[in-house]
Amino acid sequence: MLSRKNKLLLLKMLSLFSIVRGYNILVIALAQYLASIYILAPDLPLRKVVFDLNLFCIVLSSTLVIAGGYIINSFYDSEKDLINKPRKSMLDRLVGQQTKLSAYFTMNFLAAFFASYVSFRAVFFFSAYIFGIWFYSHKLKKVPFLGNFVSATLAIAPFFAVFVYYKNFDTVIFVHALFLFLLILAREMIKDLENIAGDIAQNYKTIPILYGAKISKIGITVLIATTLIPSLLLINYFDVGYMYLYFIACIALLGIFLVLLWKSRTKFHYVWLHNILKLIIVLGVFSILLINVDLVLNRIL
């Protein structure tokens, strides 16, 4: 049996894991490695990519900055989250604000330290990334659409880091990035519909608050419809192996998503829509393996 002190320590660890959304960070780190192996450096031997210390430092710096970003976001949104996410917020509050700030600065310092192993440019990139996340959380989050746009841009920044490292400027990479960016931007706008109660209480000026849910839904519909462009390009004009099956499935799922979007009226509905987009993004990470099935099978066998 755990003592009361150990139980409290365990709860605080779970709270910190909840705050930094450890499950999201693990998926992003995996996505960076899979993108490096199958998309950014497909001609390099697998061992050379997996055991590349520079790549490891880039991925580690990315995860630390993202974790710090979740912490500072939680710091600024603590009151809003009490309304929008009461259960999660109660768990997160087991870690004090001072502890959150200490963890935030520690993670950012470590991110810059590990980036310094790669190059001065990497330090500059991650320093700018840290500042961008803070400025978004402090100011831009409350600005309609610009806040959504910046949030989506910050979400794909870790992939830009490995993209620059490998200096691979193939068109297919930009098409993949466009598809991911549009999905994340649509998800950010769904979150505004989902969190409207807390946003009103904290005087956030989001699109559904200023212009209504209908305008917000029109914007989301346009974004989802626009994902057809990169999806069809990747299916018909680029060699993505069996990953084309993923994009075909995405078109079908996003069609269902749009039908549900226009029928949605409550927070419960918007949470489901948010989860559908999150599922599509996570499945996209694992579907990268379909680009070169032979490589996967050879490693398994």
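The values are calculated or read from the model by the stated rules, or taken from the named source; none is laboratory data. What you see is a predicted model; the values in this text were computed from it and never measured. Neighbour counts are summed over all protein chains in view; Cβ atoms, including those assigned to glycine, are modelled from backbone coordinates with ideal geometry.
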**Asked** Would a scan of segment 86-105 turn up a residue that is among the hydrophobic types (A, V, I, L, M, F, W, C), modelled with pLDDT of 90 or more and surrounded by fewer than 20 Cβ atoms within 10 Å (Cβ to Cβ)?
**Response** yes
**Asked** Are any residues in segment 154-172 out of contact with any Leu (no Cβ under 9 Å at 6 or more places or on another chain) and closer than 14 Å to G132 by Cβ, and if so, which ones?
**Response** L154, A157, P158, F160, A161
**Prompt:** How about segment 261-295: which of its residues are over 17 Å from the mean Cα position of the chain (by Cα), among the polar types (S, T, N, Q) and surrounded by fewer than 16 Cβ atoms within 10 Å (Cβ to Cβ)?
**Reply:** T266
**Message:** So in segment 205-218, with the set limited to residues that are buried (at least 18 other Cβ atoms within 10 Å of the Cβ) and at pLDDT 90 or above, which one is farthest from W262 (Cα to Cα)?
**Reply:** I207
**Qualifying residue in segment 154-171 (condition: farther than 25 Å from R121 by Cβ and modelled with pLDDT of 90 or more)** = no
**Request:** Any residue in segment 69-83 that's assigned by TED's automatic domain parsing to the domain that holds Y104 and aromatic (F, W, Y): show its pairings with residues that are outside any helix (DSSP H, G or I) and modelled with pLDDT under 80 at Cβ separation under 9 Å, as long as the two are six or more apart or on different chains.
**Result:** Y70/R21
**Prompt:** In this structure, is A197 over 24 Å from T153 (Cα atoms), touching a residue at least 60 places away in the same chain (Cβ under 8 Å) and in a helix (DSSP H, G or I)?
**Reply:** yes
**Complete:** Given the conditions (1) under 22 Å from K80 (Cα atoms); (2) surrounded by 13 or more Cβ atoms within 10 Å (Cβ to Cβ); (3) modelled with pLDDT of 90 or more, every one holds for Q202 apart from (3)
